[in-house]
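One structure is given here, and the rest of the page talks about it.
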Amino acid sequence: MYQGTRLSAAEAVNSGMTFVHSWCHNIRSPEYAEADIKALRESGLRARFSYGWMQGHKNEETIDLADMERLHRDWAKYSNGGLIGLGMAWRGQGGNNPATAVPAEIYTKEVEAARRLGLPITVHASGSRPVIGQVDRIGKANLLAKDIQVIHANMATKEEIAALKAAGASVSMSPFTELRIGFGLPQTSNFIAAGIPIGLSIDTTVLSGNADMFAIMKATQNVENGISENEFKLTARRVLELATLEGARSMGVDDQTGSLKAGKRADLILVSTRDVNMGVFTDPAHMLVTAAQPSNVDTVMVDGRILKRNGKLTAVDPRAVVADAGTALAGIRKRGNWW
């Protein structure tokens, strides 16, 4: 857990990200949660750690609410001076198959526990055709509210989009992974038209291949313009907003970051305009969305601390991070007889 989060955090910084959401859904003991948080602290990133369940968790049992409450009670010693927030990765109500459904008394207890602690909640819902209608079922259970962020929502109906708007909820889209696994096309324009805060996400590099937010921006614009058959449907500047200020708004941290404004924290990146692919520099938003890539990221700063400078990571040793992650994976494969 520690090595995986440490590796992904290093890639995020290297790619020019200043905020990550660790949607942690393989917490097998309190030590697993603490290992994930430790890696986030060491990375220097601004982050949210969302407490989830473990793979194979019984539907008839809640997640470890007592441990989530323990972390909340002692959060000051885990938050890295306030850089890391605590949330809940909610498994929701389960799929459309009754055999995989989580009992109402269980999923309701989980949501109530998070709200009692004032924790933001994130859930996968209505992402693909097999689970269509999940947002509607959350609404009918009277659980849809401003503190909920829905991941994907590719198959959200007009009624569900209206319900998200009415509740004040937000959406996280990850077009690379959604396209990769056949979830369908993102509803970018529909969410924008409804005034729903949207965040852009890598999701998981196991599916996306890398942590390239510049590529995610490009895909978001190209897919939307392709759907509408209109080259100018979604502008580069609007997409850049989705990756910065709108992303911060969808996570509820736009009062701290997401734009360069007096009173906000010093989270910023510097992108080189001297590289070959950026050599004929025109409109900045257009260049960042259509041309830039992680190799162009010269400097990354989070809360005033330099995490990357002159194209090199400064807070961690990338060679050690990669080597340790490789050793950890080899150990897992050996113990599991996966050679």
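Structural remarks
- Within the stretch 26-33, none of the residues are touching a helix residue (DSSP H, G or I) at 6+ places or on another chain (Cβ under 7 Å), surrounded by 18 or more Cβ atoms within 10 Å (Cβ to Cβ) and not hydrophobic (A, V, I, L, M, F, W, C).
- Scanning the stretch 239-254 for residues that are farther than 14 Å from Pro284 by Cβ and either in a helix (DSSP H, G or I) or in contact with a Leu (Cβ under 9 Å, 6 or more places away or on another chain) (or both) turns up Leu242, Leu245, Glu246, Gly247, Ala248, Arg249, Ser250, Asp254.
- Screening the stretch 95-123 for residues that are outside any helix (DSSP H, G or I) and more than 22 Å from the chain's Cα centre (by Cα) and picking the one that is surrounded by the most Cβ atoms within 10 Å (Cβ to Cβ) gives Val102.
- Pairs, first surrounded by 18 or more Cβ atoms within 10 Å (Cβ to Cβ) in the stretch 233-248, second of a type in the set (Lys, Arg) and at pLDDT 95 or above, C-beta under 7 Å, six or more apart: none
- Among the conditions (1) more than 25 Å from Ser43 (Cα to Cα); (2) touching a residue at least 40 places away in the same chain (Cβ under 8 Å), Ala315 misses just one, which is (1).
- Pairing each residue of the stretch 1-18 that is touching a residue at least 40 places away in the same chain (Cβ under 8 Å) and closer than 13 Å to Leu329 by Cβ with any residue that is surrounded by 21 or more Cβ atoms within 10 Å (Cβ to Cβ) and of a type in the set (Asp, Glu), provided the two are 6+ apart or on different chains, yields no C-beta distance under 6 Å.
- Flag if Trp53 is in a loop (DSSP other than H, G, I, E, B), crowded, with 20+ Cβ neighbours inside 10 Å, within 20 Å of the chain's Cα centre (by Cα) and not β-branched (Val, Ile, Thr): yes
- Within the stretch 286-303, the residues that satisfy the criterion of being more than 22 Å from the chain's Cα centre (by Cα), not in a strand (DSSP E or B) and not polar (S, T, N, Q) are His286, Met287, Ala291.
- In the stretch 124-157, of all residues being small (Gly, Ala, Ser) and in contact with a helix residue (DSSP H, G or I) (Cβ under 6 Å, 6 or more places away or on another chain), the one that is surrounded by the most Cβ atoms within 10 Å (Cβ to Cβ) corresponds to Ala125.
- Boolean, Ile27 is in a helix (DSSP H, G or I) and β-branched (Val, Ile, Thr): no
- Only listed residue being within 25 Å of Thr327 (Cα to Cα), of a type in the set (A, V, I, L, M, F, W, C) and in contact with a Gly (Cβ under 9 Å, 6 or more places away or on another chain), chosen from Ala39, Ala47, Ala10: Ala39
- Qualifying residue in the stretch 268-291 (condition: at pLDDT 95 or above, of a type outside the set (A, V, I, L, M, F, W, C) and surrounded by 20 or more Cβ atoms within 10 Å (Cβ to Cβ)): no
- Residues of the stretch 209-266 that turn out to be in contact with a Lys or Arg (Cβ under 8 Å, 6 or more places away or on another chain) and acidic (Asp, Glu), as a count: 2
- In the stretch 194-209, the qualifying residues are those that are surrounded by fewer than 20 Cβ atoms within 10 Å (Cβ to Cβ) and at pLDDT 95 or above, and the one that is farthest from the chain's Cα centre (by Cα) is Ala194.
The values are calculated or read from the model by the stated rules, or taken from the named source; none is laboratory data. All values reported here derive from a predicted model rather than from experimental measurement. Using ideal geometry, Cβ is built from the backbone for each residue, glycine included, and neighbour counts are taken over all protein chains shown.
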